[in-house]
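Student: Following this message is one structure expressed as structure tokens.
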Amino acid sequence: MSNRIARREFLSRSAIGGAAIGLGVWSSSRLAASASPNEKLNIGVIGTANQARFSIDNVKQENIVAVCDIDDDYLAKAKQDFPQASTYNDFRKLLDQHDIDAVVVAVPDHVHAPATAAALHLGKHVYCEKPLTHTIAEARAIAELAAKMKVATQMGTQIHAGENYRRVVEIIQSGAVGKVSEVHTWAGRAWGGGDRPKETPPIPPSIHWDLWLGPAPARPYHPTYLPQNWRKWWDFGGGNIADMACHHMDLPFWALGIRHPAAVEAIGPPVHPETCPLGLVVRYEYAADGPRPVVKLTWYDGTSIPPEIHGHPTGGGGNLFVGDKGMLWADYDRYDLYPKEDFKDYKPPERSIPRSIGHHAEWILACKTGTPTTCNFGYAGPLTEAVLLGNVAYRTGKRIEWDPDALKATNSPEAERYLRTEYRKGWTL
């Protein structure tokens, strides 16, 4: 019993005093003197299948003490794997379990913010899948709440921990391609198209449909929404840009230090009231900042990806940085410098970014000791805001002039309806 009390005291102090505000500058001065990374966290998992299973596999060395899913079949599988864990269909009831130290949120986008906020209000450490939230206003609120609660947070942009991304950041920041004023970013998936189904088949007995809808407007069940196609519906997701841009735009965000765009405009097919576009082009403009010039970042997805950019084949997904001394192309695992003849004798700079211990491992260690995480909500919030602004510009049909301090499109009152969403009765942030 005395060991249990000591452990709870340590984790409680970690929750209220370990983390710092902003981009991951932490202080350990308030951590218990006996804090040890060998202590195991009690983790509650919201979502148990598909992407959630990936996260579970990366944190299962800790104590999985609670699991939650709206699908009883998925929940039964999780209970089989973790027989000691309590099971829930409603994440709000999971969070009533008092021995939980940290929470993994791996559910559809429209539930990210309510689940994350509920955990943060209770002082729990949180790992949340990308995008951090479904709307821009939610992203700002969650980032501010995380800073206030001073807990360990991490958004699930797992490739951020990869060696290739770190190497690219070092090369760009060393000035190898000069001052970068242009970035092209693309991802080949397409979540969109179609109309709301007219059929109303019965809800499978294993599915708790009302809980799956959560804060979203009520609508009849249809199997088209589950398990993945929810991403194509505005009520639940944001198409391919919401699904993939946090991974790919993360690289220029990190390498160039960009955050809030000054202006955004988008090109795509006619806007559908229910579903996202199958292809989108979004142009972001970032103001100059000190020695960094104005940066124009263009996002392409789905059917709108050109076959090549500046002569480089695009393929499935990646980034092309254009500087005044050359270009750098990168995907998740590789990079190359152009023109090749100009870089035939190039030697990369000395490594300056430490190797990651693993994306989930960073978060677990931060929960225990207050060490930094690289995709904490102070970083992930602005990244998510920028990503989702692409959809706002597309749905308004005009160039948006953006005031990040006021969280407002200064030239587009109609954008307001897309910056936030009204929750169904019974659901709060």
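The values are calculated or read from the model by the stated rules, or taken from the named source; none is laboratory data. Just so we're clear, the structure is a prediction, and the values are computed from it rather than from any experiment. Note that each Cβ is placed from the backbone with ideal geometry, even for glycine, and that neighbours are counted across all protein chains shown. Note: areas computed on protein heavy atoms with side chains; ligands, DNA, RNA excluded. Shrake-Rupley method; radii C 1.70, N 1.55, O 1.52, S 1.80 Å.
Student: Every residue in the range 369-401 that is open to solvent by less than 20 Å² (accessible area, probe 1.4 Å), in contact with a strand residue (DSSP E or B) (Cβ under 9 Å, 6 or more places away or on another chain) and farther than 15 Å from Asp250 by Cβ, please.
Tutor: If the condition is that a residue be open to solvent by less than 20 Å² (accessible area, probe 1.4 Å), in contact with a strand residue (DSSP E or B) (Cβ under 9 Å, 6 or more places away or on another chain) and farther than 15 Å from Asp250 by Cβ, then Leu389, Asn391, Val392, Ala393, Tyr394, Ile400 are the ones that fit.
Student: Just one of (1) open to solvent by less than 10 Å² (accessible area, probe 1.4 Å); (2) out of contact with any helix residue (DSSP H, G or I) (no Cβ under 8 Å at 6 or more places or on another chain); (3) more than 26 Å from Cys128 (Cβ to Cβ) trips up Pro204, so point out which.
Tutor: (1)
Student: What are the pairs with Cβ atoms under 6 angstrom where one residue, in the range 217-238, is charged (D, E, K, R) and the other, located anywhere, is crowded, with 20+ Cβ neighbours inside 10 Å and assigned to a loop (DSSP other than H, G, I, E, B)? Sequence gap at least six, or different chains.
Tutor: Correct list of pairs: Arg231/Trp191; Arg231/Gly237; Lys232/Trp191; Lys232/Gly192; Lys232/Cys276; Asp235/Ala216.
Student: Of all residues in the range 58-75, which are in contact with a helix residue (DSSP H, G or I) (Cβ under 9 Å, 6 or more places away or on another chain) and of a type outside the set (Lys, Arg)?
Tutor: Residues satisfying the conditions are Asn58, Val59, Gln61, Glu62, Ile64, Ala66, Val67, Cys68, Asp69, Ile70, Asp71, Tyr74.
Student: How many residues, within the range 38-78, are part of a strand (DSSP E or B) and closer than 16 Å to Tyr88 by Cβ?
Tutor: Here the count works out to 11.
Student: Does Tyr165 count as more than 16 Å from the chain's Cα centre (by Cα) and open to solvent by less than 10 Å² (accessible area, probe 1.4 Å)?
Tutor: Taking the combined requirement at face value, the residue satisfies it.
Student: Could you list, in sequence order, the residues of the range 272-304 that are at positive phi and not in a strand (DSSP E or B)?
Tutor: Selection gives Gly290 alone.
Student: Do any residues in the range 263-292 that are at pLDDT 95 or above and basic (Lys, Arg) have Cβ atoms under 8 Å from those of residues that are surrounded by fewer than 17 Cβ atoms within 10 Å (Cβ to Cβ) and assigned to a loop (DSSP other than H, G, I, E, B), where the two are at least six apart or on different chains, and which pairs are they?
Tutor: Qualifying pairs under 8 Å: Arg292/Lys179; Arg292/Gly257.
Student: Tell me which residues, restricted to the range 105-130, are on the phi < 0 side of the Ramachandran plot and not in a helix (DSSP H, G or I).
Tutor: Selection gives Val105, Ala106, Val107, Pro108, Leu122, Lys124, His125, Val126, Tyr127, Cys128, Glu129, Lys130.
Student: Six or more apart or on different chains, Cβ atoms under 6 Å: show the pairs whose first residue is in the range 77-100 and under 20 Å from Trp209 (Cα atoms) and of a type in the set (Val, Ile, Thr) and whose second is modelled with pLDDT of 95 or more and open to solvent by 20 Å² or more (accessible area, probe 1.4 Å).
Tutor: Thr87/Lys79
Student: Consider Pro252 carefully, then state whether it is open to solvent by less than 20 Å² (accessible area, probe 1.4 Å) and under 27 Å from Cys375 (Cα atoms).
Tutor: yes
Student: While we're here: Need the failing condition index for Val151 against (1) open to solvent by 30 Å² or more (accessible area, probe 1.4 Å); (2) among the hydrophobic types (A, V, I, L, M, F, W, C); (3) closer than 20 Å to Cys375 by Cα; (4) in a loop (DSSP other than H, G, I, E, B), just the number.
Tutor: The number of the failed condition is (1).
Student: I would also like to ask the following. I need the full set of residues from the range 263-292 which are buried (at least 16 other Cβ atoms within 10 Å of the Cβ) and more than 20 Å from Arg231 (Cα to Cα), in order please.
Tutor: Ala263, Val264, Glu265, Arg283, Tyr284, Glu285, Tyr286
Student: Considering only the range 81-97, how many residues are in a helix (DSSP H, G or I) and within 24 Å of Asn58 (Cβ to Cβ)?
Tutor: Adding up the residues that qualify gives 3.
Student: Check Thr185 against each of (1) part of a helix (DSSP H, G or I); (2) touching a helix residue (DSSP H, G or I) at 6+ places or on another chain (Cβ under 6 Å); (3) surrounded by 23 or more Cβ atoms within 10 Å (Cβ to Cβ) and name the one condition it does not meet.
Tutor: Only one criterion is unmet by Thr185, namely (1).
Student: Taking the criterion of being open to solvent by 30 Å² or more (accessible area, probe 1.4 Å), modelled with pLDDT of 95 or more and of a type in the set (Lys, Arg), would at least one residue in the range 79-87 satisfy it?
Tutor: yes
Student: If I filter the range 313-342 down to residues being more than 13 Å from Val183 (Cα to Cα) and assigned to a strand (DSSP E or B), which single residue comes out as nearest to the chain's Cα centre (by Cα)?
Tutor: For the range 313-342, the residue satisfying everything is Gly317.
Student: Within the range 214-229, does at least one residue satisfy the condition of being crowded, with 22+ Cβ neighbours inside 10 Å and outside any loop (DSSP other than H, G, I, E, B)?
Tutor: no
Student: So which of Ile364, Ile353 is at pLDDT 95 or above and not in a helix (DSSP H, G or I)?
Tutor: One residue alone meets the criteria, Ile353.
Student: Okay, moving on. Run down Gly302, Gly323 and say which single residue is in contact with a Lys or Arg (Cβ under 9 Å, 6 or more places away or on another chain), open to solvent by less than 40 Å² (accessible area, probe 1.4 Å) and within 17 Å of Trp254 (Cβ to Cβ).
Tutor: Details: Gly302 fails: within 17 Å of Trp254 (Cβ to Cβ).
When all the criteria are applied, what remains is Gly323.
Student: A further question follows. From Ser412, Ser352, grab the single residue that is surrounded by fewer than 21 Cβ atoms within 10 Å (Cβ to Cβ) and closer than 30 Å to Leu278 by Cβ. Break it down into steps so the answer makes sense when it comes.
Tutor: On the way: Ser352 fails: closer than 30 Å to Leu278 by Cβ.
The conditions single out Ser412.
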